[in-house]
Structures are given as C-alpha cells and as structure tokens.
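See structure below.
The values are calculated or read from the model by the stated rules, or taken from the named source; none is laboratory data. The structure displayed is predicted, hence computed values, not measured ones. For neighbour counting, all protein chains shown are included, and Cβ atoms are generated from backbone atoms with ideal geometry for every residue, glycine included.
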Amino acid sequence: MKRLCIICGKNAVIGNFCEDCWLKRQNLFKINDLEIKICSCNSYFNGKTWKHFNSLDNAVERFIKDNIKTKNKIIGKNIKLKKVGNKYNVNIECNGYILQSKKIKHEKKNIVVKITNVKCERCKKLSGNYYESVLQIRTTNSDMPVEIIKKHGEDILKVKKVRNGFDIFILKKNIAGAIAKKLKSRGFEIKISNKFLGMKKGKKIYRYYYAVKD
C-alpha cells in the first residue's frame with residue numbers, strides 16, 4: 001500500500017512526506033546574528049585568531065562565511081551587504097543538497113552583523129609598550145638588524161641603537177627564539193637569559209633576552 005504525503009497527498013518517499021514537502025521542512029544551513037570585532041590595524045577576530053583584511057566589506061563577508069553552519073552540501077553562496085551605522089544588514093542565499101534528497105534547495109536568510117571596534121592583541125601590546133623578548137645584537141654586521149626588521153617588522157616594537165650594536169624589542173618570545181635559532185645556525189653565539197616580571201592569572205610572566213655575538 002502506497003503511503004501518501006500528509007501535507008499534499010502525493011506519494012510519500014521520505015517518511016510521511018513527498019520529497020518537495022520534506023525539503024520545505026529542512027534547513028539547508030543555519031546562521032544567527034553576529035558580532036564582528038574590528039581593530040584599527042585592519043584586522044578582524046574570526047573567533048580563533050586575528051586576520052588582516054583589505055576592506056571592511058571583505059572582512060564581514062569572510063566572517064559570515066566562516067559562521068554558516070551546515071551538515072549538507074552547499075554548492076553556491078551569495079551574500080549581499082548593506083551598512084547602516086555600526087551594523088550590516090545581510091541577505092544570505094545558498095543553493096545545495098540536503099541529505100536524502102537529490103533536488104537542489106534554494107534558501108534565504110537575513111541577519112544583522114554588529115561591528116565592535118576593539119584593539120587586537122598586537123595593538124594592545126604596542127600601545128602599552130609591551131614586549132616579551134629582546135634581541136641584544138652585538139656585531140659589526142650593520143645589515144643584520146635591517147634584515148630582521150624587513151622579515152619580522154610586524155612583531156617588532158622598536159629598535160634601539162646601543163654601543164657596538166642594537167637592541168631589538170620583539171612582541172612575541174617565539175619570534176625572537178626563531179630568529180636566534182636561525183642566527184645560531186649561521187655561526188653566531190647565542191646566550192639566553194630571562195627576567196621575572198610578575199604573575200598573570202596565576203602564571204609566572206618572564207621577559208627573555210637573547211644575546212647575539214659574532
């Protein structure tokens with residue numbers, strides 16, 4: 001005995017529904033209203049890390065795509081943005097396949113994305129004159145600081161000329177460590193020391209010094 005769709009009366013093929021009525025009851029994707037954190041250095045927080053952007057529209061669009069939730073197969077996305085004050089009114093259209101069906105479903109959703117201006121971690125450190133490590137370079141090679149600055153400029157707070165060399169103040173310890181390791185492989189002598197700065201959230205905070213010599 002054939003089962004009939006409990007909505008339209010056509011042959012039921014998925015549970016008690018025909019394929020069309022079943023598709024109407026399914027969500028192709030989910031997304032809620034969002035808040036995006038923007039820093040003046042042209043970066044936004046994607047929920048895990050800070051990402052650089054070329055335009056605010058581009059950042060918002062990328063952020064929306066990262067927050068579209070689905071277990072289905074989406075084959076097309078179209079996002080329309082309209083900025084109103086510190087918010088975006090957003091129209092999202094997606095095409096795709098829902099599991100158990102071979103028909104393409106087209107779905108629209110409207111959300112609001114709120115823009116919140118904050119400082120990223122890097123800018124917080126820069127404005128607070130914070131740094132985790134210092135490369136104390138003592139060498140006759142005057143090109144070395146220039147080489148380091150060109151490659152790691154975003155992580156450098158400042159460069160100070162001192163007797164027989166330079167002190168390079170670096171925001172992150174791991175960056176300074178990587179530079180010191182590379183210099184050591186090139187034959188430079190490296191000595192590491194640290195200074196206890198205090199406690200933060202129950203964790204000891206140190207500043208690391210890398211003495212680099214010919």
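Residues of the range 18-42 that are touching a helix residue (DSSP H, G or I) at 6+ places or on another chain (Cβ under 9 Å) and not polar (S, T, N, Q): 31, 34, 36, 38, 39, 41. Given the condition buried (at least 16 other Cβ atoms within 10 Å of the Cβ) and at pLDDT 90 or above, answer yes or no: does some residue in the range 178-189 qualify? There is at least one residue in the range 178-189 that is buried (at least 16 other Cβ atoms within 10 Å of the Cβ) and at pLDDT 90 or above. Assessment of the range 126-133 against the conditions (free of Cβ contacts under 8 Å to residues at least 24 places away in the same chain and either closer than 21 Å to residue 43 by Cα or more than 22 Å from the chain's Cα centre (by Cα) (or both)) yields at least one matching residue. Counted as qualifying within the range 19-116 are the strands (runs of 3 or more DSSP E) with 1 or more residues that are at pLDDT 95 or above and basic (Lys, Arg), namely 34-39, 73-84, 87-97.
Only one of the numbered conditions (1) in contact (Cβ under 8 Å) with a residue 24 or more places away in the chain; (2) farther than 21 Å from residue 73 by Cβ; (3) surrounded by 12 or more Cβ atoms within 10 Å (Cβ to Cβ) is violated by residue 14, and that is (2).
Please indicate, with yes or no, whether at least one residue in the range 75-87 is exposed (fewer than 13 other Cβ atoms within 10 Å of the Cβ), small (Gly, Ala, Ser), more than 30 Å from residue 123 (Cβ to Cβ) and out of contact with any helix residue (DSSP H, G or I) (no Cβ under 8 Å at 6 or more places or on another chain).
Yes, there is a match, as at least one residue in the range 75-87 is exposed (fewer than 13 other Cβ atoms within 10 Å of the Cβ), small (Gly, Ala, Ser), more than 30 Å from residue 123 (Cβ to Cβ) and out of contact with any helix residue (DSSP H, G or I) (no Cβ under 8 Å at 6 or more places or on another chain).
Within the set 108, 124, 80, 158, the sole residue that is charged (D, E, K, R) and under 30 Å from residue 16 (Cβ atoms) turns out to be 108.
In the range 176-191 there is at least one residue that is under 25 Å from the mean Cα position of the chain (by Cα), without any contact (Cβ under 8 Å) to a residue 24 or more places away in the chain and over 19 Å from residue 126 (Cα atoms).
Scan the range 41-56 residue by residue and report those that are surrounded by fewer than 15 Cβ atoms within 10 Å (Cβ to Cβ) and not small (Gly, Ala, Ser). Of everything in the range 41-56, those that are surrounded by fewer than 15 Cβ atoms within 10 Å (Cβ to Cβ) and not small (Gly, Ala, Ser) turn out to be 41, 42, 48, 49, 52, 54. When residues in the range 123-140 are screened for being within 19 Å of residue 178 (Cα to Cα) and of a type outside the set (Phe, Trp, Tyr), 8 of them pass.
Within the range 41-67, track down each residue that is of a type in the set (Ser, Thr, Tyr) and out of contact with any strand residue (DSSP E or B) (no Cβ under 7 Å at 6 or more places or on another chain). 49, 55 - these are the residues of the range 41-67 that are of a type in the set (Ser, Thr, Tyr) and out of contact with any strand residue (DSSP E or B) (no Cβ under 7 Å at 6 or more places or on another chain). As a summary of the residue check, residue 107 satisfies the conditions (1) surrounded by 15 or more Cβ atoms within 10 Å (Cβ to Cβ); (2) without any contact (Cβ under 8 Å) to a residue 24 or more places away in the chain except for the one numbered (2). Considering (1) more than 28 Å from residue 39 (Cα to Cα); (2) loosely packed, with under 12 Cβ neighbours inside 10 Å, the lone condition that residue 128 does not fulfil carries the number (1).
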